[in-house]
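Just so it is clear, none of the values below were taken in a lab; they were calculated from the coordinates. Just so we're clear, the structure is a prediction, and the values are computed from it rather than from any experiment. All Cβ positions, even for glycine, are placed from backbone atoms using ideal geometry, and neighbour counts span all protein chains on display.
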C-alpha cells in the first residue's frame with residue numbers, strides 16, 4: 001500500500017504517511033523517524049479523538065527535540081558522559097544532553113528516513129541501516145520495526161536488530177499519550193498503574209545512580225492505580241531533579257510479553273493497557289514541554305500535557321554491570337515487542 005505525501009525534510013527528502021486501521025483504531029505512521037503521528041480511538045460515547053501528541057508538518061518534528069511518537073535509537077535514554085567500554089575498547093559518543101548522550105545523539109533514528117519494507121491496511125514494516133560509526137556507535141546495525149493492528153484494538157510494535165560488530169542497542173517508541181485527546185490540557189487526572197516494585201533513582205544529570213530502589217512508601221508507587229497528579233508535587237528530591245516523573249521502572253520477567261502498565265482517563269472513559277518484553281518502562285510526564293511547541297491540533301503543548309510509557313532497556317546500562325546487558329554481538333538477534341491496547345468504558 002502506497003503512502004500519502006506528508007511533506008519534505010529541510011534537505012528536501014520526501015516524507016510519506018501510512019494509515020493503519022481496524023474498526024475502532026486508526027494509526028498514522030511516518031517513514032520519517034517511524035513517527036506515530038496519530039492514534040484515533042473512540043471514547044465511551046463513541047466520540048473519536050487523536051490521543052497522541054505530534055506536529056502539524058515535517059518541519060515541526062525536525063525543529064523539536066521532544067521526539068514525538070518516534071523510534072528512538074541506537075540507544076534510548078541517557079549514557080553518562082557519552083562514554084562506554086566494549087570488549088576493552090573505549091567508545092565516545094557526541095554529547096547532546098548536559099554532558100551526556102541521550103536518545104541516540106543529535107541525529108538519532110527519530111531523524112532518519114526509514115525504508116518501507118512492507119505495507120498493507122493493518123501493518124507496516126520499516127527498515128533502517130545505521131552504518132558503522134554513525135553518531136559514534138560501533139558496528140553496522142540493521143533494524144526492522146513492524147507495526148500491526150489486531151482486532152482487539154491493539155497496536156503492536158516488534159523490533160529486530162542485527163549487527164556486524166559488537167555494539168549496544170536500546171530501542172523504544174516515544175509516543176506522548178493524552179487519553180482525553182491531543183491538545184486538551186494536562187493529564188494529571190489520568191489514573192496510572194505500573195507493574196513494578198522498584199525504580200531507578202538518578203543523579204542531577206538524570207543518570208541512574210546504580211541503585212535499584214523500592215517504590216513502596218514513595219511517590220513512585222503505582223502498583224495500584226493512582227492519579228498522576230496525586231504525588232507529582234511531593235517534596236521528593238527525585239521529582240525535583242526531573243521536574244516531575246522521568247524515571248525507569250523495573251519490570252519483572254524480562255524477555256516475556258507481559259502486562260507492564262495501564263492508564264485510565266475518567267473524563268472520556270478511554271483506557272490504555274501496555275505490555276512489553278522489555279526490562280524497563282520509562283514514565284515521563286512531558287516535563288520539558290514549555291508552551292512554545294504548536295501541536296498537530298493547533299494548540300500549544302505545556303509540561304504535563306501528556307504521559308509517555310517508554311518500554312526499553314535501562315539507561316546507562318553499558319556502564320552498569322548490575323543492569324541488564326544491552327550489548328549485541330554478530331550472530332545474535334535483538335528482539336523486543338511492546339503492545340498498546342485501547343478500550344473505553
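Comparing Cα centroids, the stretch 20-44 and the stretch 170-240 end up 25 angstrom apart. Spacing of the modelled spin labels on residue 221 and residue 21, each 7 Å from Cα toward Cβ, amounts to 4.7 nm.
Where [x] 31, 25, 20; [y] 33, 29, 17; [z] 27, 26, 19 are the candidate values, the label of the one calculated here for semi-axes √(5λ) of the Cα gyration tensor in Å is [z]. Approximating the spin labels as points 7 Å out from Cα along Cα→Cβ, the residue 150-to-residue 321 distance works out to 4.0 nm. Normalised by the number of residues in the chain, the average gap of Cα pairs under 8 Å and 6 or more apart makes the relative contact order 19 percent. Estimated from helices alone, the mean residue ellipticity of the chain at 222 nm is -1000 deg cm²/dmol (sum of -39500 (n - 2.57) over DSSP H runs with n ≥ 4, per residue).
What FRET efficiency would be calculated for the residue pair residue 258, residue 8, taking the C-beta separation as r and a Förster radius of 51 Å, to the nearest 0.05?
Once rounded, the FRET efficiency stands at 0.80.
Arrange the peptides 137-144, 286-293, 333-340 so that the one whose residues have, on average, the most other Cβ atoms within 10 Å appears first.
Highest to lowest by the protection proxy: 137-144, 333-340, 286-293.
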